[in-house]
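Take a look at the structure set out below.
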Amino acid sequence: MSGRNHLIDVARISSMLIVVVFHSLLWQVLLVDGHVQVVPWAPGRVFWAISWVATIIPVFFVAAGYANAVVVDTWRAGGEPYASFLTRRGSRLLGPMTLFLAVCTVVASVAAWAGWPVEASALSRQFAQLLWFAVVYELLLAAAPLAVWLHDRYGAWVMLPMLVGVVVVDAVVRASGDLGLQWLNLAFAWPLAHQWGIAYHRGWFRGWSTRRLLVLLAGAVAVIAVLVFGLGYPPAAVAWADVLVANLLPPTLAIVVLGFAQTCVLGLAERAGVAARPSERATGLVRLANALLLTAYLWHIPAIVVSAGLLVGLSLLLPWAAPVLMNALLLVVVVLVVVVVAVPWIARVEVRLIPRLGPGVPVRGLAEAGYALFAAGTWAAWQFGSVLHPSDPDGTLAVVLFAAGALLLRRATTGTRTAAASPS
């Protein structure tokens, strides 16, 4: 692994680590007079400021763009059709996504049939909100060959419409007061960060001088300050009980500028030689952690629930230790331990659900249709949850779409035909 690839992977792992820590602190679990209370956390202005440094989710999409550029270059060199790209890359998502949605569907459906259909649907939809990340990632992966081609053909010009889109959405939201429109920025903000990752692979940022990077970094910080203090953007990068509207989700122009600043920092780190010569052990650990990122993301919320339940149970059994056991920092530590221990075992199951590539090339149209349904099913599950019950037709449709897409994509991956049999 080159030093640059190592640095990119470390940045991606760091962003996921911060996601787990942030979600662990999002709610406070308290024990008051022997009763458990769960209240949203309101950390105050100091943590608002810290959030602008700690929120590095944009870097994940930058790293994804860099990684996709590497994959697309390899795919192009092989001269294979687009269907082969989808089956080689998309099928790797089948294991983690199928297991996660299967478990969620079974739990929610059993609850619905047991007599709690309304509660099951509501909780399923709430729990599925984390799938926004999977939807964006799946769409960026499908569009990666086009995104790389656009950068190679048009360079910075392809980024301009995305930036304009973010600005327009923000302006419309602030003029209309309709905060729901802010979600439209998912179509502009994260593809723009992904495009920066492709540009990074092609020499941007890392090829710029240290002085230029520092000037751009300072300019980005100044723009964020103007947006927050001058134009009334939310004062924190993320949402808490005392900052109900976020910059991160849905993304605003402020978070886009933050992502640009972080990419400049990535370029500065590479120029400074950070992680330039990783050891074999470090390389192996980073590769392993990188391979488990999607699994960690999908299962870190259950890990938080389990960890909080464990600490609450111990606090009820040992009241004298409750002040220590209910400490928020201890919860973070326990969650991280649970994730580190459980995720590799979960991944063992996921690997069995990933189809093996068959010989030759996929049947034309099958991979494209399968991946499209797979992504549509993920989106539907994000929006409507995943409940198989007559009272929840939307959740049922989400499960059907996802299952159909997964089966078609699996069939396209394993049931290939030889290149010689393909039409000329």
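Looking only at GLY370, GLY207, GLY405, which one moves most when the chain is put into a Gaussian network model with springs between Cα atoms under 10 Å?
Sorting by GNM fluctuation, first place goes to GLY207.
Students often check this: by mean Cβ neighbours within 10 Å, which of 332-341, 173-182 ranks highest, and how do the rest follow?
Put in order of decreasing packing, that is 332-341, 173-182.
Using helices alone, what [θ] at 222 nm do you get for the chain, with -39,500 (n - 2.57) per DSSP H run of 4 or more residues, divided over all residues and rounded to the nearest 500?
Value at 222 nm, helices only, nearest 500: -23500 deg cm²/dmol.
Dipole of the chain, Cα-centred, from +1 at each Lys and Arg C-beta and -1 at each Asp and Glu C-beta, to the nearest 20 debye?
Rounded to the nearest 20 debye, it is 1380 debye.
Give the accessible surface of the stretch 160-206 per residue, rounded to a whole number of Å², with probe radius 1.4 Å and ligands, DNA and RNA excluded.
On a per-residue basis, 41 Å².
State the percentage of accessible surface on the stretch 190-305 attributable to carbon and sulfur atoms; use a 1.4 Å probe and exclude ligands, DNA and RNA. Could the numbers behind the result be given before it?
Values: 3330 of 4970 Å².
Carbon and sulfur together cover 67 percent of it.
With a 1.4 Å probe and all protein chains left in place, how much of the accessible area of the stretch 360-417 comes from carbon and sulfur atoms, in whole percent?
Heavy-atom surface of the stretch 360-417 belonging to carbon and sulfur, 1.4 Å probe: 72 percent.
Of the accessible area of the stretch 59-157, with the probe set at 1.4 angstrom, what percent is carbon plus sulfur?
In the stretch 59-157, the share of accessible area belonging to carbon and sulfur is 70 percent.
Could you state the number of Å between the C-alpha centres of the stretch 76-110 and the stretch 208-271?
Value for the Cα centre distance between the two parts: 33 Å.
How large is ³J(HN,Hα), in whole Hz, for each residue of the stretch 156-162 in order, when computed from phi with the Karplus curve 6.51 cos²θ - 1.76 cosθ + 1.60 and θ = phi - 60°, using x for Gly and Pro?
These are the phi-based 3J(HN,Hα) values: 5, 4, 5, 7, 4, x, 5 Hz.
Which value, in Å², gives the accessible area per residue of the stretch 1-77 when a 1.4 Å probe is used on the protein heavy atoms?
45
The values are calculated or read from the model by the stated rules, or taken from the named source; none is laboratory data. Note that the coordinates shown come from a computational prediction; the quantities given were computed from them, not determined experimentally. Ideal geometry is used to build each Cβ from the backbone, glycine not excepted, and the neighbour counts take in all protein chains shown. Only protein heavy atoms, including side chains, enter the accessible area calculation; ligands, DNA and RNA are left aside. Shrake-Rupley method; radii C 1.70, N 1.55, O 1.52, S 1.80 Å.
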